[in-house]
């Protein structure tokens, strides 16, 4: 189907349908996932990870995206004849509340909007680097502060960490990056609703669906923060063996990873 010929609701439906498919495919390939995270972490405009996936469907090697007016504001203009990339923007409706201090909006749907890659524009140079959504230099204490539950450092024997959904326990190590990765992994379990059942979830080498989901989420977050995690790459690569069980999990994992990154950024 030629996306350029679609309009309105038909375009929105097509983009939404493709989102699940590409999210799953990206999350099953560690190289593709790492490349995707770097693309997202390279912009001055904070698009959602889901919209970055939609952009990748249409322009796989994009470098930096912004709307027509945003490019003009940054001293550049879209070249004549360039075809836009379509992403989804929320349609908001303001509602009345008892508290008049803050405006409250509800999202009643999404509509396609046009954006363009930097290579489709010309003009002044722009500063291409990490967006202010995430930081490349985050230490363990920052992640502890951002975590949704109390974090305790204690010797857990052969386990690097565990969580029961109410607390997170991490084994002390000299390598703070390793501790950060374990903490993000356990946080992912909580955010992915893996702890709704009774019992403690231990970080382990087994490749259950919950472990693959949590470690894939961990890989996205670590990649965005500049933490190298070779172990996570192995987990991401093991998606293929569980492809049917993990169908449509990609979008959920990416969404949770994005929420974790935003929470960390709010503390940084």
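The values are calculated or read from the model by the stated rules, or taken from the named source; none is laboratory data. Treat the numbers as computed from the prediction; the structure is a model and nothing was measured. For neighbour counting, all protein chains shown are included, and Cβ atoms are generated from backbone atoms with ideal geometry for every residue, glycine included.
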Residue 145 meets each of (1) surrounded by fewer than 16 Cβ atoms within 10 Å (Cβ to Cβ); (2) assigned by TED's automatic domain parsing to the domain that holds residue 14; (3) at pLDDT 85 or above with one exception, condition (2)
Could you say which residue among 73, 56, 69 is closer than 30 Å to residue 226 by Cα, loosely packed, with under 14 Cβ neighbours inside 10 Å, out of contact with any strand residue (DSSP E or B) (no Cβ under 7 Å at 6 or more places or on another chain) and at pLDDT 80 or above? 73
Of these, 108, 83, which one is out of contact with any strand residue (DSSP E or B) (no Cβ under 8 Å at 6 or more places or on another chain) and either loosely packed, with under 14 Cβ neighbours inside 10 Å or at pLDDT 75 or above (or both)? 83
For the stretch 113-128, indicate whether the set of residues that are under 20 Å from the mean Cα position of the chain (by Cα), surrounded by fewer than 15 Cβ atoms within 10 Å (Cβ to Cβ), modelled with pLDDT of 90 or more and outside the structural domain of residue 13 (by TED's automatic domain parsing) is non-empty. no
Out of 244, 211, which single residue is closer than 27 Å to residue 50 by Cβ, outside the structural domain of residue 52 (by TED's automatic domain parsing) and modelled with pLDDT under 75? 244
Sort out which residues of the stretch 136-159 are within 19 Å of residue 220 (Cβ to Cβ) and touching a strand residue (DSSP E or B) at 6+ places or on another chain (Cβ under 7 Å), and write them in order of number. 147
Would you mind finding the one in 15, 11, 22 that is modelled with pLDDT of 75 or more, buried (at least 16 other Cβ atoms within 10 Å of the Cβ), farther than 13 Å from residue 216 by Cβ and assigned by TED's automatic domain parsing to the domain that holds residue 63? 22
